[in-house]
1. Heavy atoms only, probe 1.4 Å: what % of the accessible area of the stretch 80-139 goes to carbon and sulfur, would you let me know?
2. Could you tell me the extents of the stretch 175-295's C-alpha atoms along the three principal axes, largest first, rounded to whole Å?
3. Calculate I(q)/I(0) for the stretch 132-241 by the Debye formula, one identical point scatterer on each C-alpha and no solvent, and give its log10 at q = 0.11, 0.22 Å⁻¹ to two decimals.
4. Given a 1.4 angstrom probe, what's the average accessible area per residue across the stretch 77-232, in square angstrom?
5. Would you compute, for the Cα atoms of the stretch 57-108, the largest minus smallest coordinate along each principal axis and list the three values in descending order, in whole Å?
6. Sorted by accessible area (1.4 Å probe), largest first, how do 18, 278, 118 line up?
7. Filter the cross-link list 164/258; 17/347; 263/335 down to pairs whose alpha-carbon distance in this structure exceeds 30 Å.
8. Treat the stretch 272-314 as a sphere of radius equal to its Kirkwood radius over Cα pairs and apply Stokes-Einstein at 10 °C in a medium of 1.306 mPa s; give the translational diffusion coefficient in µm²/s, rounded to a whole number.
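The values are calculated or read from the model by the stated rules, or taken from the named source; none is laboratory data. The structure presented is a predicted model; accordingly, all values stated were derived computationally and were not measured. Note: ideal-geometry Cβ built from the backbone for every residue, glycine included; neighbour counts use all protein chains shown. Only protein heavy atoms, including side chains, enter the accessible area calculation; ligands, DNA and RNA are left aside. Shrake-Rupley method; radii C 1.70, N 1.55, O 1.52, S 1.80 Å.
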Amino acid sequence: MSSPAMIHTPLPYSTAKELSDSGVAAAAFPFNYISCKPPAAAAEDDNNEAADEAQIPSIDFSLLSSRNPDNRAQIVRELGRACEEWGFFTVSNHGVPVALQKAMMDACAGFFDLTAEEKEDYMGRQVLDPIRFGTSFNSKVDDVQYWRDFLKVFQHPVFHYPTKPTIFREVLEGYSRHIRQLGKDLLNAIWESLGLEENDMQEALSLKSCFQILVANFYPPCPKPELALGLPAHSDHGLVTVLMQNGTDGLQVMHNGKWLGVKPLPNSFLVNIGDHMEIVTNGRYKSVLHRAKVNNKSTRISVVTVIGPSLDAVVVPAPILVESQKHPAAFRGIKYRDFMEHQQSNKLMGKSVLDLLRL
Ligand code: OGA
Ligand code: NI
């Protein structure tokens, strides 16, 4: 949290916003931001291909609370299929007020609009600090910098908030409560789609003290969007991720070995399966690779909420699923806190942390 007595440690690198605003990158694009080959050399490389648009399954959330048991059973089946075939789906009719979504977007935009000195108050010293502003993924260890600034704030079990902009606290409280409930309802339905009882889930994941983190991503216009990336291919660490984005596209998901673009749909959330869901389901519902491209026209903001088990939980494949599947447990367990710390301290690379746990 901000405190006037705090000593500022300036960022070791410029933020993406500073690079974009100053125009220096337009004059000479900084080589340390080059993730992708220039188009002439990229014939064999998928990075620069215009991606096809993904036909992501959509889930009408209101049907989950349907009084008609057949309707609920039907949507639970659809949800299960979306988790199995895509690991990504959109959620409509979720009940999160439009005004609250907009207020959240505005508060995040307001944060990134603070001066560099103000934002440096929130830089954090360690990757698990509850409030952390930064650039790229982990600018100290990334050998290629990503065209992205971020703010990460722990929301649960302990609620944290940046004190600037002043509206942030109130908006975060409301938004996080809504998204946590949405996430838990989805987790219940996902669990049901596997034929499991809610009690098994509480026991396996300690969801009463679930970990919830909010990540605001800021991708300013980039003069050479074909050379840089906002975020490289990765999977998310938690159980499910709930993403809201402004009207600018940039997200791509890996599906059947191809990168597909995801168009932002107004008033609906994009949800994806995280690594801990892959662990607990013993690989039945897999976390999906995704990445963020950048563009040279407008700023893209995404507000990402990751919901995971308790930070103290050691999640292993659910015994009941292991018994019913033909293969033995595919992952060993590790404390969620250690998993996250490992992912956040290293280069972000595909599913590298999950891969360490494969048996
Ligand atoms: C993330 C992420 C994608 C996006 O923050 O984990 O994948 O569209 N963001 O910003
Ligand atoms: Ni992600």
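1. Summing carbon and sulfur atoms, their accessible area is 51 percent of the total for the stretch 80-139.
2. Rounded to whole Å, the extents work out to 51, 33, 21 Å.
3. Listed by q, the Debye log ratios stand at -0.50, -1.19.
4. Here the per-residue accessible area is 39 Å².
5. Largest to smallest, the principal-axis extents are 39, 27, 9 Å.
6. Largest to smallest exposure gives the sequence 18, 118, 278.
7. 164/258; 263/335
8. 123
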